[in-house]
Amino acid sequence: MITRKKKYKKQSKKTKIIVSMIAAGAIVVSSTSIAFGEADVSTLLSNWYQTKITEEKNKITEAAIVKTEVEKAKLIEQIRTDIETSASEIVLYSERKSAEIQLAIEQKRKELEEEMIKKNSEDKNKVKEEIEQSTEAQIERNKKRQ
């Protein structure tokens, strides 16, 4: 069995809690009525709404700026990479073309050299033939004079 003292102690704690809650509610209600008493509810809600819209716009703008900067940095890095790749490809291409041109020049030089040797050989043979013909003609003239 619960003693009388314990029974009333429990009830008094419950009573204190209930009274405290009622008092807190009354304070909240009285302070809001004081706040709303100075301005109408529609103005307060409109101001709150405008403040929230402005805050959200600022957050979105800041997020967009940050995202833009991040994407810009990525694009700049990608462009640098592409430029380096292109530069190395251009160097390889120019080296390859240079080697092809050198080979073509060397082949043309050999062809011209062979042509010159052949032409020189032909010219030598012509000159030799002309000299022989001229010599034979001179010998025959000398024989006729004697």
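The values are calculated or read from the model by the stated rules, or taken from the named source; none is laboratory data. Quick caveat, the model's predicted, so the values are computed rather than measured. Glycine also receives a Cβ, built like all others from the backbone with ideal geometry; neighbour counts cover every protein chain displayed. Ligands, DNA and RNA are stripped out before the accessible areas are found, and what is left, the full protein with its side chains, is counted by its heavy atoms. Shrake-Rupley method; radii C 1.70, N 1.55, O 1.52, S 1.80 Å.
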**Request:** Please give the per residue accessible area of segment 74-146, computed with a probe of 1.4 Å over protein heavy atoms only, in Å².
**Result:** 98
**Asked** Roughly how much of THR54 is accessible, in Å² to the nearest 10, using a 1.4 Å probe?
**Response** 70
**Request:** Net charge near GLU114: determine it from the other residues with C-beta under 15 Å of the C-beta of GLU114, scoring Lys and Arg +1 and Asp and Glu -1.
**Result:** -1
**Request:** Return, ordered by residue number, the residues of segment 80-114 whose backbone nitrogen is under 11 Å from a label point located 7 Å along Cα→Cβ of SER121.
**Result:** 114
**Request:** Provide the gained length on full extension for the span TYR93 to ALA23, in nm with one decimal, where the gain is 0.36 nm per separating residue minus the Cα-Cα distance.
**Result:** 16.4 nm
**Prompt:** Quick one: how many Å² of LYS119 are accessible to a 1.4 Å probe, rounded to 10?
**Reply:** 120
**Message:** Only four residue types carry charge here, +1 at the Cβ of Lys and Arg and -1 at the Cβ of Asp and Glu. Report the dipole size of segment 61-146 about the Cα centre in Debye, rounded to the nearest 20.
**Reply:** 800
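Multiplying the sequence separation of SER86 and GLU114 by 0.36 nm and subtracting their Cα-Cα distance, what value in nm do you get?
This chain segment gains 5.9 nm when fully extended.
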**Asked** For segment 49-73 and segment 123-146, what is the separation of their C-alpha centers, rounded to whole Å?
**Response** 106
**Residue-span extension gain [THR135 to THR51] - 0.36 nm each, minus C-alpha spacing** = 18.1 nm
